[in-house]
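J.: Dropping a structure here in structure tokens format, bear with me for questions.
The values are calculated or read from the model by the stated rules, or taken from the named source; none is laboratory data. All of these numbers come straight from a predicted model, not from anything done at the bench. A quick note on method: Cβ atoms are made from the backbone with ideal geometry, for glycine too, and the neighbour counts reach across all protein chains shown.
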Amino acid sequence: MAGKIDNLATRLTVLSEPMRLDILMIISAAGTCCASDILEHFDITQPTLSHHMSVLVENELVTAKKTGRFMQYSINKPAVNELKKVLDALCSDTSAPAVKTEEPVRREKKKDKKKKKDKKKKK
């Protein structure tokens, strides 16, 4: 299964790290900030922050723009809004999915897997 659902799942995994979620909240409150502004809130080294920022940027949750010697970070609102829509849909009373996939995700039952294995053995 590839595409939008995988991308959303990856972004949720990125946000499951508490420090990254905290970093996003700091950037969101500030609007735009540089690494030194973010570092003031944590007892971590600059390389550790750099790692977290690269993960956030790579997964398009944060945008980075070089201004002089400094990198300015801001929230990628379209990407975060996409996550919000999915979470809102999970909490809504309607059964309509927030993200349409090409094919529904189907999980095989253990019985079905066993039948497939048995068929392979017979051949």
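J.: Return yes or no: is Gly68 of a type outside the set (A, V, I, L, M, F, W, C), modelled with pLDDT under 90 and on the phi > 0 side of the Ramachandran plot?
T.: On the way: of a type outside the set (A, V, I, L, M, F, W, C): yes; modelled with pLDDT under 90: no; on the phi > 0 side of the Ramachandran plot: yes.
No.
J.: Could you count how many residues in region 14-45 are surrounded by 11 or more Cβ atoms within 10 Å (Cβ to Cβ) and more than 13 Å from Val80 (Cα to Cα)? Don't jump to the end; show me each part of the working.
T.: Within region 14-45, the subset surrounded by 11 or more Cβ atoms within 10 Å (Cβ to Cβ) is 14-15, 17, 19-28, 30, 32-35, 37-39, 41-42, 44.
Then keep just the ones that are more than 13 Å from Val80 (Cα to Cα); that gives 17, 19-20, 22-23, 26, 30, 32-35, 37-39, 41-42, 44.
Total meeting the criteria: 17.
J.: Check Leu49 against each of (1) without any contact (Cβ under 8 Å) to a residue 60 or more places away in the chain; (2) farther than 17 Å from Asn76 by Cβ; (3) exposed (fewer than 14 other Cβ atoms within 10 Å of the Cβ) and name the one condition it does not meet.
T.: The failed condition is (3).
J.: Return a yes/no flag: does region 88-105 have any residue that is touching a Pro at 6+ places or on another chain (Cβ under 9 Å), outside any loop (DSSP other than H, G, I, E, B), at pLDDT below 95 and hydrophobic (A, V, I, L, M, F, W, C).
T.: Checking region 88-105: at least one residue is touching a Pro at 6+ places or on another chain (Cβ under 9 Å), outside any loop (DSSP other than H, G, I, E, B), at pLDDT below 95 and hydrophobic (A, V, I, L, M, F, W, C).
J.: Right, another one. Please verify whether region 49-65 includes one or more residues that are more than 30 Å from Ile5 (Cα to Cα) and among the hydroxyl-bearing types (Ser, Thr, Tyr). Break it down into steps so the answer makes sense when it comes.
T.: Here is the first cut: in region 49-65, the ones more than 30 Å from Ile5 (Cα to Cα) are none.
No: region 49-65 contains no residue that is more than 30 Å from Ile5 (Cα to Cα) and among the hydroxyl-bearing types (Ser, Thr, Tyr).
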